[in-house]
Amino acid sequence: MAAGPPPPLEPSPLPTFHEEGFAEKFLRKTRENPLVPLGCLCTVSVLVYGLICFKKGNTRRSQLMMRARVIAQGCTFAALVGGMVATAIKSR
């Protein structure tokens with residue numbers, strides 16, 4: 001066995017990462033799973049329309065919109081979970 005020079009004691013420089021701002025992160029996440037923001041927008045739209053109907057005194061339409069809001073929230077949640085599963089499978 002030939003003894004060579006000892007390895008250098010200086011640590012290698014650590015990699016630097018780009019800080020991701022809110023807008024960049026939002027756009028990246030939207031591109032990864034576009035159904036979640038769409039579901040959120042749909043849920044808020046149905047909620048606002050239901051509140052407007054409630055304020056006008058149209059209780060039947062207001063109840064219908066609140067039920068539609070629950071369905072929209074469920075679809076949004078399903079899209080969120082589906083996106084998480086797809087990301088987990090893709091990372092393997």
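Observations
- Filtered residues of the range 58-68 (kept if in contact with a helix residue (DSSP H, G or I) (Cβ under 7 Å, 6 or more places away or on another chain) and either within 30 Å of ALA86 (Cβ to Cβ) or exposed (fewer than 14 other Cβ atoms within 10 Å of the Cβ) (or both)): ALA68
- Filter result (acidic (Asp, Glu) and open to solvent by 100 Å² or more (accessible area, probe 1.4 Å)) within the range 1-43: GLU10, GLU19, GLU32
- For LYS55, the requirement of being at pLDDT 90 or above and surrounded by fewer than 10 Cβ atoms within 10 Å (Cβ to Cβ) is met.
- So ILE71, is it exposed (fewer than 10 other Cβ atoms within 10 Å of the Cβ), part of a helix (DSSP H, G or I), within 27 Å of the chain's Cα centre (by Cα) and of a type in the set (A, V, I, L, M, F, W, C): no
- The residue pairs whose first member lies in the range 74-92 and is within 13 Å of CYS40 (Cβ to Cβ) and aliphatic (A, V, I, L, M), whose second member is surrounded by 13 or more Cβ atoms within 10 Å (Cβ to Cβ) and modelled with pLDDT of 90 or more, and whose beta carbons are closer than 6 Å, counting only pairs six or more residues apart or on different chains, are ALA79/LEU35; ALA79/VAL36; ALA79/GLY39; LEU80/VAL36.
- Of the residues making up the range 75-85, those that are open to solvent by less than 80 Å² (accessible area, probe 1.4 Å) and touching a helix residue (DSSP H, G or I) at 6+ places or on another chain (Cβ under 9 Å) are THR76, ALA78, ALA79, LEU80, GLY82, GLY83.
The values are calculated or read from the model by the stated rules, or taken from the named source; none is laboratory data. None of these values were measured; they are calculated from a predicted model. Quick reminder, even Gly has a Cβ in these numbers, built from the backbone with ideal geometry, and neighbours come from all protein chains shown. Ligands, DNA and RNA are excluded from the accessible area calculation, which covers all protein heavy atoms including side chains. Shrake-Rupley method; radii C 1.70, N 1.55, O 1.52, S 1.80 Å.
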